[in-house]
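The values are calculated or read from the model by the stated rules, or taken from the named source; none is laboratory data. This is a predicted model, so every value here is computed, not measured. All Cβ positions, glycine included, derive from the backbone under ideal geometry; neighbour counts span all protein chains shown.
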Amino acid sequence: MSSSPIAIAEKTVIAEKTAELSDKKRVSAENGFVSLVGAGPGDPDLLTMKGYRVIQQAEVVVYDRLVSKEILALANENAEMIYVGKKLDYHCVPQDQINQILVDKANEGKRVVRLKGGDSFIFGRGGEELETLAENDVSFEVVPGITAAAGATSYAGIPLTHRDYAQSVQFITGHIQKDGQEIQWDSLTQSNNTLVFYMGLKQSGNIANNLITHGLSEDTSCAIIQKGTTRDQKVWVCSLKELPSVAKQAESPSLIVVGEVTQLHHKLKWC
């Protein structure tokens with residue numbers, strides 16, 4: 001059976017991109033290079049073409065817990081695979097050590113891929129890692145990925161904005177460091193807005209209480225999306241006052257979405 005025009009075009013683009021690496025990004029024995037790659041929200045088919053290419057070219061892959069096995073399998077069989085995954089309140093490799101691994105491998109002249117779930121610049125600590133690389137004169141590039149909020153809500157049939165329901169959207173981390181900035185709850189309770197909380201499952205009670213205290217109705221529609229875009233995706237829709245009890249049924253990784261757009265899940269769900 002002959003290849004489809006799309007398949008041929010994809011192969012051609014990948015081949016051309018591989019052949020046309022700029023001199024600036026070409027790795028020699030003396031100069032390493034780091035690609036900070038967002039692996040997307042879970043479904044391996046959502047990896048970008050550039051992400052696919054640089055993973056295949058990598059000599060070292062430093063990867064996180066939420067990167068799928070299918071994406072890891074794209075790496076060269078000779079690539080060194082270094083796991084640095086994290087869970088809430090447990091980091092098997094401290095962030096400072098991760099930073100140093102990237103610097104050390106690049107200084108060995110290696111082509112390194114730092115592979116993170118979602119998008120590295122949205123609650124992924126990508127900026128912190130690049131600061132370390134810049135301070136150590138290590139060359140790098142950023143390959144964006146589809147962030148969990150965009151991917152998971154799309155697969156759940158929940159548009160983040162909708163002319164009749166929400167004209168704005170805000171992404172918030174539910175995991176606050178002890179010495180970190182407190183969430184400005186007043187700024188989150190405007191009408192016609194969608195809120196997406198990353199890493200907020202264990203803080204669902206605090207999230208619900210603060211939003212209600214600062215002006216949102218306790219009947220505001222919410223959703224929890226567990227393992228979005230994967231075969232194990234589950235979605236719960238409830239009211240804000242019900243959020244803490246419903247959250248007990250879910251497990252990590254999950255997103256919390258607050259806003260009237262979540263009412264559309266039952267009408268628009270497709271997977």
> Any idea how many residues of the stretch 128-152 are in a helix (DSSP H, G or I), over 16 Å from Val62 (Cα atoms) and of a type outside the set (A, V, I, L, M, F, W, C)?
Replying inline: 3
> If we keep just the residues of the stretch 71-93 that are charged (D, E, K, R) and in a loop (DSSP other than H, G, I, E, B), which is modelled with the highest pLDDT?
Replying inline: Glu77
> Got at least one residue in the stretch 164-173 being surrounded by 17 or more Cβ atoms within 10 Å (Cβ to Cβ), part of a loop (DSSP other than H, G, I, E, B) and within 13 Å of the chain's Cα centre (by Cα)?
Replying inline: no
>> Just to verify a result, which residue in the stretch 216-247, among those that are in contact with a Leu (Cβ under 9 Å, 6 or more places away or on another chain) and farther than 25 Å from Gln190 by Cα, is surrounded by the fewest Cβ atoms within 10 Å (Cβ to Cβ)?
In response: Gln226
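Yes/no matrix, rows are residues, columns are (1) in the same structural domain as His162 (by TED's automatic domain parsing); (2) among the aliphatic types (A, V, I, L, M); (3) at pLDDT 95 or above:
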position	(1), (2), (3)
Gln190	yes, no, no
Val196	yes, yes, yes
Gly215	yes, no, yes
Ser221	yes, no, yes
Asp232	yes, no, yes
>> Condition first: surrounded by fewer than 22 Cβ atoms within 10 Å (Cβ to Cβ) and of a type in the set (A, V, I, L, M). Now tell me which residues in the stretch 115-132 satisfy that.
In response: Ile122, Leu130
> Given the structure, is Lys110 among the basic types (Lys, Arg) and farther than 25 Å from Ala152 by Cα?
Replying inline: yes
>> So the check is Cβ under 8 Å with 6+ separation or different chains; which pairs have a first residue in the stretch 85-110 that's under 11 Å from Phe33 (Cα atoms) and a second one that's at pLDDT below 90 and outside any helix (DSSP H, G or I)?
In response: Gly109/Val27; Gly109/Ser28; Gly109/Ala29; Gly109/Glu30; Gly109/Asn31; Lys110/Val27
>> From the list Val112, Val142, Val67, Val54, exactly one residue is crowded, with 20+ Cβ neighbours inside 10 Å, modelled with pLDDT of 95 or more and in contact with a helix residue (DSSP H, G or I) (Cβ under 9 Å, 6 or more places away or on another chain). Which is it?
In response: Val112
